[in-house]
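For reference, the structure discussed in these notes is given below.
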Amino acid sequence: MDNTSSAVTDGAIETRGIEPVPDHERRGRVRELFPTWVAANISVLLLTMGAALVVFNQLNFWQVLIVAACAALVSFGLVGVLSVSGKWGGAPGATLSRATFGVRGNLFPGAILWIARFGWETINAVTGAYAVLTVLDLLFGIKSNTALIVITLFAFVACTFLVSGMGRKALNVCNTWSTYLFGIFSVLVLGYLVATMHWSEVFSKPAGTTAMMIAGIGTIAAGGISWVPTGPDFARYLPHAASGRKIVGVTVSGAGLVMVPMVLMGAVMAVASPGLAQAADPVSFLGDLLPTWLAVPYLLTAIVGMLLINSLSMYSAGFTAQTMGVKLPRAMAVSINAVISLVGGLMLMLVAKSFLGSFITFLILLAVSFSAWIGVYAVDMFRRRTRAVRYDAVALMDTSKGSRYWYAGGFCWQAMVSWVLALLIGLAFTKCDWFSGPLSGTPVGKYGLAWAATIVISAVIMAVLPTPRENTRAADADAADAEAKQAERVTV
């Protein structure tokens, strides 16, 4: 066994980049994904989104429960299913998609996903900074000001960068402990709400419309959909024998364990404080609704959770940067996202007038941009399920004209056509604060189903177009060369 190769992941800091993980390093376990997807949802933003379902969508308690459960099942069901490709190819999603879009074609959807991830990381960094400011106010009476905003945001982003740069093992340890801590304090908050809420008001609220329920599912699911392309990143250390069904089950259960109760808690809080969904920031309301002895530790664990969410996101963003051609180690490639999160966060905290309005608009656009990729990738993955070699490890790293995934000029035209058309049509169905597409007045647009339509459209187009033909002659030549070298080593 090559000890140098093992050292890539056995140390405290993971140095492996986008290259596929060799079989002898595939020592991960499916259950390790559970705390990963729990941690990916530890965000007080879910409370705000739950409140928005009550205040803006006019839904009652039972409708919010259905919306939250459906959103978790749909979004993280997709994450789990596409994560299976990670154990097939042992590489990050950004690298595996070279086999789908072509060596050069992959750069275009990759760029869109990278930009969208900047926004997601910025939103989480801002929320984490607001949580720190709220704790300082509750404990020491220190009020927010411009200098303090800059300091707290910088500190939050810096911590995120450090944790994400350490890699998979550090994230797994942090995720496990944050899951326990956040779970304990969430139960305490839930108990406090059960004891103090006027439940007659909660359950007497009239039901909202079906249209608002469907739109609500899209809004809550958008966050989960953004994790779909990065799902393989956390499954690539799993052995080939790992159960695909277990991967899906653990992913959905881990996410749902947090999403459903937190969205419900936000909805319940909104009944007591309808202004929650319209607060200037997404965190300070906790100081008003909860006693200090409970609000402070809950916020502290939430801060850790949001830091981990951003660390997970930046961990995958480093792979995307490397796939895009950034000539830096993964840990250093993460610094690009850290800088952009800092600048974008300052703009959102110091310039933007409405955090929630900007956040909801971002979620709508985020879901559509990721959905076009999902449909194309899912069809390509489905076609590979019966192949002896689903992903060629050598070809994934080969960006030359001789690569198996070069297709035509470096582009898989079927995938590119499907992706572009679906993205344009999806945006045409979209309506948000920043723009309204020409088809936003249709039922698909009114029901907030642009993201779902985008997935279906991209998948259908990809399925009906001719199946792409890989450069198998180059692959056969690589295989023959590898066998010759192996025979030469054995002879020696």
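The values are calculated or read from the model by the stated rules, or taken from the named source; none is laboratory data. Nothing here was measured: the structure is a model prediction, and the numbers come from that model. Cβ coordinates were reconstructed from backbone atoms using ideal geometry, including for glycine residues, and neighbour counts include every protein chain displayed. For accessibility, only protein heavy atoms count, side chains too; no ligands or nucleic acids. Shrake-Rupley method; radii C 1.70, N 1.55, O 1.52, S 1.80 Å.
Order of 383-389, 93-99, 65-71 by packing, highest average Cβ count within 10 Å first?
Numbers: 383-389: 10.9, 93-99: 28.7, 65-71: 20.9.
Packing order, densest peptide first, comes out as 93-99, 65-71, 383-389.
In degrees from 0 to 90, rounded to the nearest 10, what is the angle of the helix 146-166 Cα long axis to the longest principal axis of the chain?
40 degrees
Between S400 and D288, what is 0.36 nm times their sequence separation minus the Cα-Cα distance? Round to one decimal in nm. Before the final figure, lay out each step's value.
Details: separation 112, 0.36 × 112 = 40.32 nm, distance 5.92 nm.
Stretched fully, the S400-D288 segment lengthens by 34.4 nm.
Angle between the Cα long axis of helix 413-429 and the longest principal axis of the chain, 0 to 90 degrees, nearest 10?
Taking Cα atoms only, the helix is inclined about 10 degrees.
Could you compute the FRET efficiency for H24 and A111, with r as their C-beta to C-beta distance and R0 at 45 Å, rounded to 0.05?
Plugging the Cβ-Cβ distance into 1/(1 + (r/R0)^6) gives 0.85.
Accessible area per residue, 1.4 Å probe, Å², for the chain: what's the number?
With all protein chains present, the chain gives 40 Å² per residue.
In degrees, nearest 10, range 0 to 90: what is the angle between the Cα axis of helix 450-464 and the longest Cα principal axis of the chain?
20 degrees
Is the C-alpha gyration tensor of the range 23-356 telling us rounded, prolate or oblate? Criteria: a/c under 1.5 is rounded; beyond that, a/b larger than b/c is prolate, otherwise oblate. Let's see the in-between values first.
Values: a/c = 1.77, a/b = 1.37, b/c = 1.29.
Since a/c reaches 1.5 and a/b is larger than b/c, the shape of the range 23-356 is classed as prolate.
Leaving ligands, DNA and RNA out of it, report the carbon-plus-sulfur percent of the accessible area of the chain at a 1.4 Å probe.
Percent of accessible area from carbon and sulfur atoms in the chain: 69.
What's the tally of Lys pairs in the range 23-356 whose alpha-carbon atoms lie under 29 angstrom apart, where the two lysines are 8 or more places apart or on different chains?
Total qualifying Lys-Lys pairs in the range 23-356 comes to 6.
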